[in-house]
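See below for the structure under consideration.
The values are calculated or read from the model by the stated rules, or taken from the named source; none is laboratory data. Predicted, not measured: the structure shown is a model, and the values here were computed from it. We place every Cβ from the backbone using ideal geometry, glycine too, and count neighbours over all the protein chains shown.
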Amino acid sequence: MTDARETNVGPETVVYAVPEDKRVSVGAPSLLALPNGKLLAAFDQTGPDVKGLTGKKGHDAKRNRWMQGRVMVSGDGGATWQLAATFPFRRASLFRDGGDVYLLGEASGGLCLMRSPDGGGSWSAPMELTGDLDLWVAPTAVLADGEAWYFPALVPAGGGMGLTVFRAPQGASLMNRKAWTQGPVAPPLSQLAPAAAGAGCGVPLGGTGPAWRDPVLLKVAESRHPWHAEGILHVLGAASSGRQHWAAVARLATADLSVAPQTDPDGAPWLWLPVPGGHAKFDLLYDEPSRRHWLVGSRGAPGLPLGPSAAREEGLHRLGLWASENLADWQFAAALAAGGEGPAGIRCDAAAAISGNDLAWVCRAGGAHSRNARETARIVSGRVPNFRARNG
């Protein structure tokens, strides 16, 4: 009998593949499922040959690099994909506000936004929201809570990267710069809480400097959860800790957008959580019908990699799906992808979206000419039918 943990739930579909004669790599994707079943995927492209591509392009003058993003659309649940648009920025996140679809990303350190009034068929010109800042963003779910949208970003601070959050009102004209407010910048993760025992603060392996990567905002919806509180969201971010499957957590106060450590019942800082794939980019969704958080992320490398080896690309070849009621106890639900060994087998930086009774996913994938995990040449997708039945 085949172990379900080692069997893909369905075939991979190629969303996009870089032509073999192009020196171009694809970045982490974002995924959005529309009520009519249509799927939209967005990702950026970098590399020497981006400058010669047709379509909208941007130029990062600080680093002298060209960038171009692609929006792909599927009207058949992910079986086939077509190009819908190109965009001149990177690391973009898709989200929907009423009848409008938005694409929010970064160009030369500042936020950029595009709007589609027809489900991704046509798009506005890009709008620079913040001017020239020094932001690092990741494709993630732009979170709706109350009457506002929230979006996390990382900013250089205190010798590392601090977390800041942007907010805009739901239903407003989001293409207006005045609609967006930035919160204060939190200290770097290494300074956010003392490196002392208790509540997980001793997790980082000696010699490892903990740092945020790819933060995800979430709402603890279960009223019985000890972290549930009005006016409070949480940030759960991939982080370097010297160990696989650990992520960092912090509280966000929506009143002033300030970020602070979560505390345990005794008031001690609670900085670390055991999270599947917490050492690499993951995507996290809350599903009201199942009352569970669902996570797609890296299954890591076999054994117990420690220190620098915990972040090596040997662990970026398999993706999985997990479910949790409390963000601490996770149940394995399905194997999503297994790409094999070497750079061509890379499967990483997954994004997910709930589409009816199914869970759709996309990720970066290696190609024949990939030399490392940064040089991925394809975006691939898959689907987990009736995913709520896999909650263990």
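Please go through (1) small (Gly, Ala, Ser); (2) under 21 Å from the mean Cα position of the chain (by Cα); (3) surrounded by fewer than 19 Cβ atoms within 10 Å (Cβ to Cβ) for SER223 and return the number of the only condition it doesn't satisfy. For SER223, the exception is condition (2).
Only one residue in VAL73, VAL50 is closer than 22 Å to SER381 by Cβ and aliphatic (A, V, I, L, M), so which one is that? Break it down into steps so the answer makes sense when it comes.
Numbers: VAL50 fails: closer than 22 Å to SER381 by Cβ.
Exactly one residue qualifies, and that residue is VAL73.
On inspection, GLY78 does not qualify as part of a loop (DSSP other than H, G, I, E, B), more than 26 Å from GLY162 (Cα to Cα), outside the structural domain of LEU295 (by TED's automatic domain parsing) and modelled with pLDDT under 95.
Filtered by the rule that a residue be without any contact (Cβ under 8 Å) to a residue 24 or more places away in the chain and among the small types (Gly, Ala, Ser), region 37-86 gives a lone residue, GLY52.
Based on what the data block shows, is HIS317 in contact with a Lys or Arg (Cβ under 8 Å, 6 or more places away or on another chain) and within 20 Å of SER25 (Cβ to Cβ)? I'd like the intermediate steps shown before the answer.
On the way: in contact with a Lys or Arg (Cβ under 8 Å, 6 or more places away or on another chain): yes; within 20 Å of SER25 (Cβ to Cβ): yes.
So HIS317 fits the description; yes.
A search for C-beta distances below 7 Å between a residue of region 317-338 that is farther than 17 Å from LYS281 by Cα and any residue that is in a loop (DSSP other than H, G, I, E, B) and of a type in the set (S, T, N, Q), counting only pairs 6+ apart in sequence or on different chains, returns GLN331/ASN391; ALA333/ASN391.
Evaluated against (1) more than 17 Å from the chain's Cα centre (by Cα); (2) more than 18 Å from LEU143 (Cβ to Cβ), SER298 falls short on exactly one condition, (1).
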